[in-house]
Amino acid sequence: MSAGLRGVGTGTEADTRGHDEDALGMSAPEQGREVHGAPDAVGVSEAALRRGMQLVVAGGSLAVAVLVPFLLPRYWTFVLLAAVTTMIVGLSIVVLTGFVGQISLCQATFMGVGAYASARLTGDAHLPFLIALPLAGLAAVPVGLLAGVPALRLKGLYLAIATLGFGAAVQATLFSSKTLTGGFSGVALERPTVFGISFASDLRYYFLTLVVLLLLMAFAANVKRGRSGRAFAAIRDGEVAAAASGISLARYKLTAFGLSAFIAGVGGSLFGHAMLSVNTSSFDIFHSITFVTVAIIAGVGSVGAAVFTGLMVNILPKALDRVLPGNLLLVIFSAGMLVQLAVAPDGIAGQMRRQQDAVLSWILRRRRVSGRD
Amino acid sequence: MSILRAVGLGVSFKGLHALEDVSVEVHEDEIVGLIGPNGAGKSTCFNCLTGLLDPDTGTVLLGEEDVTALPPHERARLGMGRTFQTVQLFGGMTVEENVLVGSHNRVAHGIVADGLRLPSSRSGERIARAEVREILELLDLWEERDRPARTLPLGEQRKVELARSLAQHPRVLLLDEPLAGVSRQAKQGTVETLRRIRREFGVSLLVIEHDMRLIMAITDFVYVLNAGRLLAKGTPEEVRANREVIVAYLGEGGEDRSWPSAGSRGGSRAAAGGADPGPRRR
């Protein structure tokens, strides 16, 4: 599996110059740019250095993601697996909030639709997992479009409340229905088998979800750099000017909700197959609130920021759990998040990007000095 | 033949008439000026033409098509470009990305094509970037293309906004005070630029401007608004000689004083202040 994973990594790298860099916290202005900066004394432009650094960080992160389950006790594999599904949900928030500036407090609802759809498609319809997975994402799209309708009229807090209400309504009806979703007893899902290979173990299934995460991140990074991504960013930065430039606000806001719901739906499906069963409480609105809160603290300015959401929701509490009692932990965790938000309004990913820039300019300075000597 | 025509536009805010029975027309290859004291309704008129504001009465025709009921982005798609009195650039984007937004409807590939980097996305991106490069070079912005747009001086930002609207390849371009905030030295450059874009892009212009030197220098026809009504229209020379216009600008007794020239905007504004019952801009 890890060989296949490497294949995916290099393939996308070659195909889509720049998306891997984006995967590690680059903001829009720096990405997808030609190397044209003045070469310094050693003959390497700043842009090339920057890209090299991004590649190192992206490759390093990927290497860590591949190696870490082998280095940690087995208990952690499941935690890592859960973290990757959360990263996918984090990515769905990056698309909606980071790209287009819209907010949704019903991402867990989209996850739920994906998970229940996947349970039906694999369990009742006996569809292969690889077909059921994208279909589960597609099943969440109309729900996302519906949730996005208030965004055509509302902004900010009002939009947040409207989507929260939407999530609560879906939970109270669809997710509580004994006939449709099994209600409180829920539905069972199985770990998948793909092309005869079983992904029943946590370890194997972890790598499968990791590949899906990477593919979705590549998709999102490509969208960001293209025509649709610019339309999204234009709406985020100024609706009046965006409309005057010929961009349909309604169309692109709904598109963003649809894409976000698709990604969250895929994440929900993977989550369901990870947990082996889901029920009403798996996707309640408090999960949605947690996801959005953490995602904003983690940063939504870049595709790579989604990684931090998973790390913070699933791994950080478990890691600190070993050294601190639970209640105290929660207090420290929350306080730390508030401090983090005060220090870096663009989130942890934004902060890391600035540090990376600092390192880069330090390298450049040194090279200039040595070049002169 | 007329590219843009508004007939009998009327708008009132809370009983206050911001525009009353205003008709303007821009012909092919024409540069038309829209002038008037502050609060006369010029920007309100622009907002009606571009669809930001629904007029209470009147119709707007773009070419042959009645666009009165269409939202701004539809009018933009049909060939109407605009810039804003206060520059409205996309702050998080570079100069080039800002202008690429303008080329949105020059290509048509969708989000799935972008996400999967399908051939349609790649070729569309190539086309858009080539067109944008041409415009950036024409406006001497190519060297600045990778700078965050918000870090440019105001005059340059106006140029980026102009470039963005040009990237739409509009049939008619509505410019709201293109010289505001532009340095004295740069003003002549802007005048040249406007002449050149009419020539090279075959685009008609409707220009709101306080700088009378610009209006006299480049317009073929001028409309004068005052207190929401059309006060006068004609060639720049006719309008300049119109007594009512002089009174509206300079107040009673203003006939003896010279026409406000470039750089005396503050004066004309102060003079217009008294006869300015217009509502605030939106």
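The values are calculated or read from the model by the stated rules, or taken from the named source; none is laboratory data. Source: prediction; values computed, not measured. In this analysis, Cβ positions are derived from the backbone assuming ideal geometry, glycine residues included, and neighbour counts consider all displayed protein chains.
Considering every residue within the stretch A:164-185, establish whether at least one is in contact (Cβ under 8 Å) with a residue 60 or more places away in the chain and either farther than 27 Å from residue A:285 by Cα or within 14 Å of another protein chain (Cβ to nearest Cβ) (or both).
no
For the stretch B:53-106, which positions are hydroxyl-bearing (Ser, Thr, Tyr) and more than 8 Å from chain A (Cβ to nearest Cβ)?
Matches in the stretch B:53-106: B:57, B:59, B:68, B:83, B:86, B:103.
Within the stretch B:202-214, work out how many residues are in contact with a Leu (Cβ under 9 Å, 6 or more places away or on another chain) and either among the β-branched types (Val, Ile, Thr) or closer than 19 Å to residue B:79 by Cα (or both).
Final tally of qualifying residues: 6.
Condition first: part of a helix (DSSP H, G or I), farther than 18 Å from residue B:23 by Cα and touching a strand residue (DSSP E or B) at 6+ places or on another chain (Cβ under 8 Å). Can you find one or more residues in the stretch B:64-75 that meet it?
yes
Just wondering, is there one or more residues in the stretch A:185-202 that are surrounded by fewer than 16 Cβ atoms within 10 Å (Cβ to Cβ), under 18 Å from residue A:133 (Cα atoms), among the aliphatic types (A, V, I, L, M) and modelled with pLDDT of 95 or more?
no
Show the residue pairs that are 6+ apart or on different chains and have beta-carbon atoms under 8 Å apart, the first residue being within the stretch B:30-49 and among the acidic types (Asp, Glu), the second being surrounded by fewer than 24 Cβ atoms within 10 Å (Cβ to Cβ) and assigned to a loop (DSSP other than H, G, I, E, B).
Every condition considered, the pairs that remain are B:30/B:220.
Quick one: would you say residue A:210 is closer than 20 Å to residue A:309 by Cβ, within 14 Å of chain B (Cβ to nearest Cβ) and touching a helix residue (DSSP H, G or I) at 6+ places or on another chain (Cβ under 9 Å)?
no
Return the pair list, or none, for Cβ contacts closer than 9 Å from residues in the stretch B:122-136 that are surrounded by fewer than 19 Cβ atoms within 10 Å (Cβ to Cβ) to residues that are aliphatic (A, V, I, L, M), at least 6 apart or on different chains.
B:122/B:113; B:123/B:107; B:127/B:107; B:129/B:100
Tell me the residue from A:206, A:252 that is touching a Pro at 6+ places or on another chain (Cβ under 7 Å) and of a type outside the set (S, T, N, Q), please.
Sole residue among the options that is touching a Pro at 6+ places or on another chain (Cβ under 7 Å) and of a type outside the set (S, T, N, Q): A:206.
Would you please name the residue that is farthest from residue B:50 (Cα to Cα), looking only at residues in the stretch B:10-31 that are in a strand (DSSP E or B) and at pLDDT below 90?
If we take residues in the stretch B:10-31 being in a strand (DSSP E or B) and at pLDDT below 90, then B:16 is farthest from residue B:50 (Cα to Cα).
Here's a check for you: in the stretch B:8-17, which residue that is crowded, with 16+ Cβ neighbours inside 10 Å and within 27 Å of residue B:78 (Cα to Cα) is nearest to the chain's Cα centre (by Cα)?
B:9
Please determine whether any residue of the stretch A:227-246 is within 26 Å of residue A:121 (Cα to Cα), touching a residue at least 12 places away in the same chain (Cβ under 8 Å) and within 7 Å of chain B (Cβ to nearest Cβ).
no
Within the stretch A:227-253, which residues are among the small types (Gly, Ala, Ser) and at pLDDT below 95?
Hit for the stretch A:227-253 is A:238, nothing else.
Select, from A:268, A:304, the only residue that is under 30 Å from residue A:225 (Cβ atoms) and touching a strand residue (DSSP E or B) at 6+ places or on another chain (Cβ under 9 Å).
Result: A:268 is the single residue among A:268, A:304 that is under 30 Å from residue A:225 (Cβ atoms) and touching a strand residue (DSSP E or B) at 6+ places or on another chain (Cβ under 9 Å).
What number of residues in the stretch B:155-185 are within 26 Å of residue B:79 (Cα to Cα) and in a helix (DSSP H, G or I)?
12
Just to check your reading of the model, which residue among A:255, A:181 is closer than 28 Å to residue B:118 by Cα and crowded, with 21+ Cβ neighbours inside 10 Å?
On inspection, the qualifying residue turns out to be A:255.
Could you list, in sequence order, all residues of the stretch B:205-248 that are buried (at least 23 other Cβ atoms within 10 Å of the Cβ) and in a strand (DSSP E or B)?
B:205, B:206, B:207, B:208, B:222, B:223, B:224, B:225, B:226, listed by residue number.
Considering only residues that are in a helix (DSSP H, G or I) and either modelled with pLDDT under 95 or among the small types (Gly, Ala, Ser) (or both), which ones fall in the stretch A:101-119?
Correct list: A:108, A:112, A:114, A:115, A:117, A:118, A:119.
Looking for whichever is touching a helix residue (DSSP H, G or I) at 6+ places or on another chain (Cβ under 6 Å) and in a helix (DSSP H, G or I) here; the options are A:63, A:132. Which one fits?
A:132
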